[in-house]
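Participant: My structure is below; once you've seen it, I'll send some questions.
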Amino acid sequence: MLGNYFKNVFGLPYLDSNEKMIMIGGINANHLIDDIKRIWNSEKFALQMFYKISSNSVIFYKFWALDIFYMLEQIALYKKRRSSLHRIKTCIELLQKNTWLKSMISQHEDILNMSLLKKMHHSLFDHQIEALKVYNETIPKMRLKGYLLNAIQGSGKTIMSIALATALDVEKMVIVCPKSLVNDVWFGALQDEFGTAIKIWKSTDEIPITNDYKYYVIHYEYLSKLLLSLEVFKNKHMFIVLDESHNLNEITSLRTQNFIQFVRQSNCQHTVFSSGTPVKAMGSEMIPLFYCLDRFFNDDTAEQFKKVYGLSAQRGVDVLRYHLDLIGHKITKLPEIVINEPEVHQIRVKIPNGNQFTIDSVKEQMRVYSDKRARYYQDNMKEILSFYENCLSIYEKTIRTSIDRRDFDKYKQYIKEIRRGYDPQIHQSETKFCNQFEKTKIIPVLPQVYKNKFRDIRAVVKYVQLKILGETLGNVLTKARVECHEQIIKYANLEEIINNADKKVIFFSDYTNVIKTANEYFMEKGFKPVIIYGETAKDINTSISNFRHNPKDNPLIASLKMVATGLTLTVANVVVFLNLPFRDYIKQQAISRVHRIGQDTQTHVYEVTLDTGNTPNISTRMQDILEWSKQQTDAILGKNIDSDDLVGIVEYFNMNPKTTFEKFISKFRNLF
């Protein structure tokens, strides 16, 4: 301690650490924090990474060492810095030499045996070999338990993952993926590489998990059952790949929690998060990845991470990108073996009632509907509250214990607080308690004829403005988009695309009704379409097989949600969007079912949109949709919502028009 005192006095930075924390002392912490605020334009960003700040020192968890290192480097380059350049450079040197960061500049033994790749039937392309080399270097250098394989769709992530497991010479490989990919992608790929004699356990077979297998292919929904067989995998030399990892980006979802639990409790030392689009909005989406891959990430750093990055990609994006780039491998372009970039064609379609779907028209419909629902709830609130109170009385008569009485009193008190002025941040725990209490206590004892009505009006009682928001976005916007694209199909002459295609054609849509309308249209034209959406999900493997192998089965009409990821469909070379997705990454994923390694024909992409001349409409102007949705949302909530977050709200109601509003509240609690 005395040594540190003299270092502070004479301006000599020093570093101390223990199992969890790192302290940098002998600095002007106020100047350091001020520099961070200036460069990253955020006070919250500057403060949340640090566990403790004093006048001449900062303390932070070891997880943040890489981020702090990068930030110190940026401060050293910042001409208007307040901090001493000498002290900043000394701090950088101390971090490099006296923390785990020293492994970044150390030599390490190989962890992959590349000679084992000869066991595989197919040889790897150069870009795939490079991905393995990066893994070989990154894991020991960054002291990780796996990495992020951020590779463009169609680059061969499946074979890269199999090759990594092979070169690691693991006892067991566990693949966690969407259910539609269990048989069609992973089971087939493993047999292609090692022959049909290898033993592969598949969750779709619904047989007990035993220790007799080397390869296990698990769909997301099976993860809770997988945890019951943990002893089969615990402390084994194992490799886990999370395919389409962006599907498990939500830390609060049960399947994400189950996956994290399996990785950590099995003590797996090699896990790959694999996706062509691993990050949608950055920030909190990376928490599951860090829980699985980073030895220094824990519940405390997770809470800090949420506060630092929140749900937005805007704050400190360069710091997070720096961190992610060092813990993974990115492939942004397909190799030259893939045919030229897709040719994109616009099909503008005029329909008789096109003016009904212009931005101004739908905006007015939205305003009218919102006002109508607000008046309805205002006029009927007395009756709604009377029914609600009646339901509470029915429940109260069933109370038998003092604990139930206490919880009921707490519930009523929380409802009063929420109704006085709902704030999702302040009332987070209260709404969670109330929703759970209603679901597990009140609804089960209500007469059957009361249950559905109570489920609906409980949202009105607690947060009527959000109920109106959900109804407006779901009923007006979604209904208009579905009707618009159903009409477009009838006037677009889509059969010409099929007739002129070199290979087969895939039509994509977000909406079940649009898929059904397209199916009827093509059947009337004499085609034999294959359709894949929610109601036909159980037959997806048969449907994909028919599309691949039966010459007459064409086109494929599919839900973006079910077919846009994972599948290889190079039997087609044309992709048609019957509606444009809200997010570009979904569009790129869908195109990559066709434009990928193995495609030998020029890919064509058609975007089918409504033609209303120079007047913007809901089919063509996505940014306009989001802007007027934002205006209406701000008006309903009485406050501004970030535009990036608004994208998620609009998309959510488009994809889930019949969602319960408790789910909506839970998903977007932090945005309001």
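The values are calculated or read from the model by the stated rules, or taken from the named source; none is laboratory data. What you are looking at is a predicted structure, and each value in this text was computed from that prediction instead of being measured. Every residue, glycine among them, receives a Cβ derived from its backbone with ideal geometry; neighbour counts consider all protein chains shown. Ligands, DNA and RNA are excluded from the accessible area calculation, which covers all protein heavy atoms including side chains. Shrake-Rupley method; radii C 1.70, N 1.55, O 1.52, S 1.80 Å.
Participant: Please find the FRET efficiency linking residue 614 to residue 367, where r is the Cβ-Cβ separation and R0 is fixed at 30 Å, and quote it to the nearest 0.05.
Facilitator: The calculated FRET efficiency here is 0.85.
Participant: Which trypsin sites (Lys or Arg not before Pro) in the range 70-170 sit in a loop by DSSP (not H, G, I, E or B) and have at most 12 other Cβ atoms within 10 Å of their own Cβ?
Facilitator: Those that pass, being in a loop and sparsely packed, are 79, 80.
Participant: Any idea of residue 325's accessible area? Nearest 10 Å², probe 1.4 Å.
Facilitator: The accessible area comes out at roughly 80 Å².
Participant: Given the options 411, 33, 256, identify the residue whose Cα lies farthest towards the positive end of the charge dipole of the chain (+1 on Cβ of Lys, Arg; -1 on Cβ of Asp, Glu).
Facilitator: So the residue we want is 411.
Participant: Let me ask you something else. List the aspartates and glutamates whose alpha-carbon lies under 15 Å from that of residue 172, not counting same-chain residues fewer than 8 positions away?
Facilitator: Cross-link targets: 212, 231.
Participant: Now a separate question. How much length, in nm to one decimal, is gained on full extension between residue 107 and residue 375, taken as 0.36 nm per residue of separation minus their Cα-Cα distance?
Facilitator: 89.4 nm
Participant: Sort 120-127, 61-68 for me by packing, meaning the mean count of neighbouring Cβ atoms within 10 Å per residue, highest on top.
Facilitator: Ranked from most to least packed, the peptides come out as 61-68, 120-127.
Participant: Right, another one. Given a cut-off of 23 Å, name the pairs among 133/179; 372/416; 397/453 whose C-alpha atoms lie farther apart than that in the structure shown.
Facilitator: 133/179; 372/416
Participant: I'd like to compare 22-35, 439-452: which one has the highest average count of other Cβ atoms within 10 Å, and what's the full order after that?
Facilitator: 22-35, 439-452
Participant: Oh, and also: What longest region of the chain stays clear of GluC sites (Glu not before Pro) that DSSP places outside H, G, I, E and B and that have at most 14 other Cβ atoms within 10 Å?
Facilitator: 337-672
Participant: Structure shown: which of 80/141; 37/79; 199/236 lie over 24 Å apart, alpha-carbon to alpha-carbon?
Facilitator: Going by Cα-Cα distance, 80/141 fall outside the 24 Å limit.
Participant: Which of 92, 124, 59 sits farthest toward the positive end of the charge dipole of the chain, with +1 on the Cβ of Lys and Arg and -1 on the Cβ of Asp and Glu?
Facilitator: After comparing all options, I get 59.
Participant: Could you give the distance between the Cα centres of the range 374-453 and the range 137-200, to the whole Å?
Facilitator: 48 Å
Participant: Could you list the trypsin sites (Lys or Arg not before Pro) in the range 506-575 that lie in coil according to DSSP, counting only those with at most 14 other Cβ atoms within 10 Å of their Cβ?
Facilitator: 525, 552
Participant: Put a dot 7 Å past each Cα toward the Cβ at residue 524 and residue 360; how far apart are the dots in nm?
Facilitator: The modelled label-to-label distance comes out at 3.2 nm.
Participant: Between the range 241-269 and the range 569-616, how many Å separate their Cα centres?
Facilitator: 30 Å
Participant: Hey, another quick one. For residue 531, tell me the accessible area in Å² from a 1.4 Å probe, rounded to the nearest 10.
Facilitator: Here the residue's solvent-accessible area equals roughly 40 Å².
Participant: So which lysines can residue 52 reach, going by Cα to Cα under 16 Å and dropping same-chain residues fewer than 8 places off?
Facilitator: Partners found: 20, 44, 62, 307.
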